[in-house]
Amino acid sequence: MSTRALIRFQMDGKTFFTIYKQSDGYITGLGSDIKRILNRGDVKITEGIDGYPPAFFDGVEDMAAYFIGKLKGNNAGEVYVWPTSSKIPSMVEYVYTIKSKGELVWLKIDYITDAVKKLKTKIYSGLLKDFNPKQVDKAFDEAFQ
């Protein structure tokens, strides 16, 4: 069975871009991918760009475009642009929200316990550079056992 997830990019408190990932949406899967793709969380949001892998993005919009390109790669399926205005589909288990706090990248992860009733549990909320997928996954597993 696939672990489905949404990745939301936010600016000024509003989601402007959403990605649906059909499988491997769990913390040590997609969470690790997010950290790896965004330069171990050490990227900055600023005006201007700098090298590869980027150390700086020209706003959250630039970061979202870069991210989907890296996550998608050359493969068909698996990663989709999702309507931002739509409700969380019932099959989604994780929602990752990526936004900036000044120049720093912030990550929030929610586990959806019931999409119909909009019940969710916050798993992580903090700077992307401080996010440790293995530690967060272990704490999450212990909390739900």
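Values in this text are rule-based calculations from the coordinates and carry no lab data. Owing to the predicted nature of the structure, the values given are computational and were not obtained by experimental measurement. Methodologically, a virtual Cβ is constructed for each residue, glycine included, from the backbone with ideal geometry; neighbour enumeration extends over all protein chains shown.
Quick notes
- Computed from Cα atoms, the angle from the helix 133-143 axis to the main principal axis of the chain rounds to 20 degrees.
- Per-residue Cβ neighbour rank within 10 angstrom, fewest leading, 45, 88, 109: 88, 45, 109
- Once C-alpha pairs closer than 8 Å and six or more residues apart are averaged by separation and normalised to the residue number of the chain, the relative contact order reads 26 percent.
- Using the Cβ of residue 4 as centre and a radius below 15 Å, the other residues enclosed give a net charge of -2, where K and R count +1 and D and E count -1.
- Between the Cα long axis of helix 60-72 and the first principal axis of the chain there is an angle of about 60°, rounded to the nearest 10.
- By the count of other C-beta atoms within 10 Å, a proxy for reagent exposure, 125, 100, 85 are ordered fewest to most as 85, 125, 100.
- Averaging the Cα positions of each part gives two centres, and for the stretch 104-136 and the stretch 20-42 these lie 12 Å apart.
- Mean residue ellipticity at 222 nm, helices only, the chain: -6000 deg cm²/dmol; runs of at least 4 DSSP H residues each add -39,500 (n - 2.57), and the sum is divided by the number of residues.
- Answer label for Rg and Dmax of the Cα atoms in Å (calculated), chosen among [x] 24.4, 88; [y] 14.1, 50; [z] 14.6, 46: [z]
- Likely footprinting exposure, 43, 79, fewest C-beta neighbours within 10 Å first: 79, 43
- Here is the list for the stretch 91-145: chymotrypsin sites (Phe, Trp or Tyr not before Pro) lying in DSSP coil, each with at most 12 other C-beta atoms within 10 angstrom of its C-beta, are 144.
- Taking GluC sites (Glu not before Pro) in DSSP loop states with no more than 12 other Cβ atoms inside 10 Å as exposed sites, the chain has its longest site-free stretch at 48-102.
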